[in-house]
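Notes to accompany the following structure.
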């Protein structure tokens, strides 16, 4: 990149050299036309010769870089030839009286631009040598300017050497000032490059963050034109950034725009949800400000909440189903116990009463319905989860008496089963009455079913003292059957 910049500067140098040569040619031609009677036709020949050499040198500069690859050597050679041409121009246009010594600083300046301070100081030194040598040779009579043949040289030594001194001082001052300007320019360019690099990195980081978040980000200016649209926004809306950039948000997202304008949601911090194209979007609005904290637009941040809302609906539905299940489970428990109490008396009535065939069939229907209902309740309880029980102080003795009384009419209770109750005085416990009754019912019923040929059903309660923290004790059996030996 730096080589390309140097080549471009070299081409500009050749261009300005040709422009200056053309300018000199124009001046010489104008003076020749205006002063044709007072000056001879050959008086301008040296100037034309210098201009011709300049054109030839400029043309040769097109091929010098191909021959001399080193840029520094190339610039030193061009500056040396330019200083020689300028010295020749000063000589043929009056020597010490020539005004064209102003071209020396031009060479010093471009030498500094290409070769830094060292190149500028070398060009200033060569310019001082060439100009001082020309004026010294002229002062001591070794050479005489072209237009002063036959003219007495009347400049004293003080004037000549002061003119040389002023030019030399000016040459070095120009070289130093140009060198300082070049250093500042390079320093500024370096700082600018660093700033641009930092800005590029910051811009890349900003874009990476914007493109990496799983949130749609859309920015609009004060006129409602879409100015940015990240990748997640493209995924959510199925629009490409190239398709909607610089378009009106009203045209691209009419539903969203109407919601924003109708309810005044463009104010900072607004949060809302909008349904569009089968999707539910959660949106929030923030102001877009510049470096002076002036508002230049709005930032719209949105997420696709369709899946989340679906999950919320499913969770709510599950809660409702769970509540229904808990209610049904509680209802099933309330139905099961009275049903068991009713089934025994019905069975005994069906056996003791003298019923005709129709009544027997009706009784059988009742018993079949009872069995189906019991089966349904049992199956349902396997699937339903009861709600958390309500606990309080209950009397276990009363529950046991109620269970025994209900089971007396159970057809599974054999007449040969003897029930013995051995209950302690402390019969109050803390628990759920329905659950305790169900446990006692199941234990007693299991004991009865285990003695189809009769036996002793013994029910006893034993007080258990409080245990230390972290310890447990086995609970003694609540119901115990004593069936005949198995053959």
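Any read-out appearing in this document is the output of simple, stated calculations on the displayed coordinates, not a laboratory observation. Because the structure is a prediction, the values reported are computed rather than measured. Neighbour counts run over all protein chains shown; Cβ positions are idealised from the backbone, glycine included.
For the reader, a short list of remarks on this structure follows.
- The slack in the chain from residue 64 to residue 23, taken as 0.36 nm per residue of separation less the alpha-carbon distance, amounts to 12.3 nm.
- Sorted peptide list for 117-130, 318-331, 425-438, criterion being average Cβ within 10 angstrom, highest first: 117-130, 425-438, 318-331
- Look at where the Cα atoms of the stretch 78-145 and of the stretch 178-212 average out, and the two centres are 40 Å apart.
- Between residue 161 and residue 106, the C-beta separation translates, for a Förster distance of 25 Å, into a calculated FRET efficiency of about 0.55.
- By average C-beta atoms within 10 angstrom, highest first, the peptides 185-192, 174-181: 174-181, 185-192
- Kirkwood radius and radius of gyration were both taken over the C-alpha atoms of the stretch 2-191, and their ratio Rg/Rh is 1.01.
- Convex hull volume of the C-alpha atoms in the stretch 213-304, normalised per residue: 96 Å³.
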